[in-house]
Amino acid sequence: MIEPNLILQEAGEQQQPTRADALINRVVILKTAMKLFTERNVHDVTMSDIAEAAEIGKGTLYRHFKDKAQLCQAMLDEDQRSLQDRSLEYFRTQGNPLDNLGWFLEEVALFVDRNRPLLCVSSVNMMTLEHPAHWWWRQTIHGLLAQINPPGDIEYLTDLFYVMLDVNTIYFQRKNQGYPIERITDRTEKDLRQQSRQGRPGELSVFTCPECGGCLWQVDEEKMVRFRCHVGHAYEGEALLAERSEELEAALWTAVRMLKEKAVLSEQLAARARESGRTETAERFEEDARAGHNQAELVRQCLREGGSD
């Protein structure tokens with residue numbers, strides 16, 4: 001009996017891959033790429049490496065994926081869909097929104113951690129939280145927080161948890177701080193339960209952590225003011241002030257340099273304009289140059305008065 005949708009090949013005719021073959025090849029390609037990306041740096045793995053390891057021709061590989069960025073995108077899409085399906089199933093069977101939120105935050109953190117190499121490929125352009133593929137995370141967090149109804153600003157709390165799922169934050173925690181993923185997920189779970197019961201000490205401040213950029217909680221004590229971020233970095237008030245002062249000084253010196261560079265470039269353009277007889281253009285560039293020098297001197301004067309020269 002002949003299966004439907006299959007075409008018998010004439011003798012000597014090259015057999016074309018069936019839809020089933022294409023699906024199998026796609027699965028093999030994705031699994032092989034993931035294995036190579038895990039063993040080596042994503043940037044070090046070529047499409048030729050993937051074709052060879054998957055034991056398929058380059059033509060077959062490129063029929064499925066035009067380049068490595070598209071392949072990485074497909075791998076992320078597969079895992080993202082799996083996360084969505086698991087989340088919907090979990091929420092259907094579990095009725096406690098606090099448990100649901102804790103479970104969801106852990107699952108997303110694990111998703112980001114295992115896909116860090118793919119998310120950090122700049123050509124994929126999926127590493128930022130602004131990407132629509134990640135926005136449903138925030139919507140889910142917001143919906144569950146609305147059910148929990150914790151004290152405080154739900155919109156801001158939503159962003160607080162959402163930002164902690166950013167690949168740059170988790171990369172910093174894992175690579176720079178050496179935190180195991182369990183520490184990250186456990187800390188998130190603990191903060192979540194404390195916040196839902198208004199059990200976190202202190203209040204959310206307007207300041208951000210100098211190390212990871214996270215929001216800082218402020219605890220006022222009798223003899224000192226302390227700050228701690230969601231990750232666990234802690235500062236006394238004076239230490240945080242010192243950090244901020246160093247950052248400000250560095251930013252101001254950068255401003256001086258950029259203003260000087262702007263002024264010098266304007267002078268060069270003014271000279272070129274005068275040589276070609278474009279007087280009005282030259283005068284405009286000369287005015288920009290004078291303004292740049294004056295502004296740079298004003299910023300430098302502020303640094304001198306602050307004892308930073």
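Just one of (1) modelled with pLDDT of 70 or more; (2) in a helix (DSSP H, G or I) fails for residue 235. It is (2).
In the set (1) touching a Ser or Thr at 6+ places or on another chain (Cβ under 6 Å); (2) modelled with pLDDT under 80; (3) within 30 Å of residue 69 (Cβ to Cβ), residue 106 fails one condition alone, (2).
Rundown of residues vs (1) assigned to a helix (DSSP H, G or I); (2) in contact with a strand residue (DSSP E or B) (Cβ under 6 Å, 6 or more places away or on another chain), yes/no style:
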position	(1), (2)
227	no, yes
246	yes, no
259	yes, no
270	yes, no
277	no, no
284	yes, no
288	yes, no
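Is at least one residue of segment 117-130 at pLDDT 80 or above and surrounded by fewer than 19 Cβ atoms within 10 Å (Cβ to Cβ)?
Going residue by residue through segment 117-130, those that are at pLDDT 80 or above are none.
No, segment 117-130 contains no residue that is at pLDDT 80 or above and surrounded by fewer than 19 Cβ atoms within 10 Å (Cβ to Cβ).
Filter segment 30-56 for residues that are surrounded by fewer than 13 Cβ atoms within 10 Å (Cβ to Cβ) and among the β-branched types (Val, Ile, Thr); which is modelled with the highest pLDDT? It comes out as 46. The requirement of being in a helix (DSSP H, G or I) and either assigned by TED's automatic domain parsing to the domain that holds residue 42 or in contact with a strand residue (DSSP E or B) (Cβ under 8 Å, 6 or more places away or on another chain) (or both) is fulfilled nowhere in segment 104-115; no residue meets it.
Do the conditions hold for residue 98, that is, is it in a helix (DSSP H, G or I), in contact with a Leu (Cβ under 6 Å, 6 or more places away or on another chain) and either of a type outside the set (S, T, N, Q) or free of Cβ contacts under 8 Å to residues at least 12 places away in the same chain (or both)?
When the stated conditions are applied, residue 98 does not pass them.
Going residue by residue through segment 69-90, is there one that turns out to be closer than 30 Å to residue 169 by Cβ, at pLDDT below 85, in a loop (DSSP other than H, G, I, E, B) and of a type outside the set (A, V, I, L, M, F, W, C)? For segment 69-90, residues closer than 30 Å to residue 169 by Cβ, at pLDDT below 85, in a loop (DSSP other than H, G, I, E, B) and of a type outside the set (A, V, I, L, M, F, W, C): absent.
The values are calculated or read from the model by the stated rules, or taken from the named source; none is laboratory data. Predicted model, so just to flag it, every value in this text is computed and none were measured. Here Cβ is always computed from backbone atoms with ideal geometry, including for glycine, and neighbour counts include all displayed protein chains.
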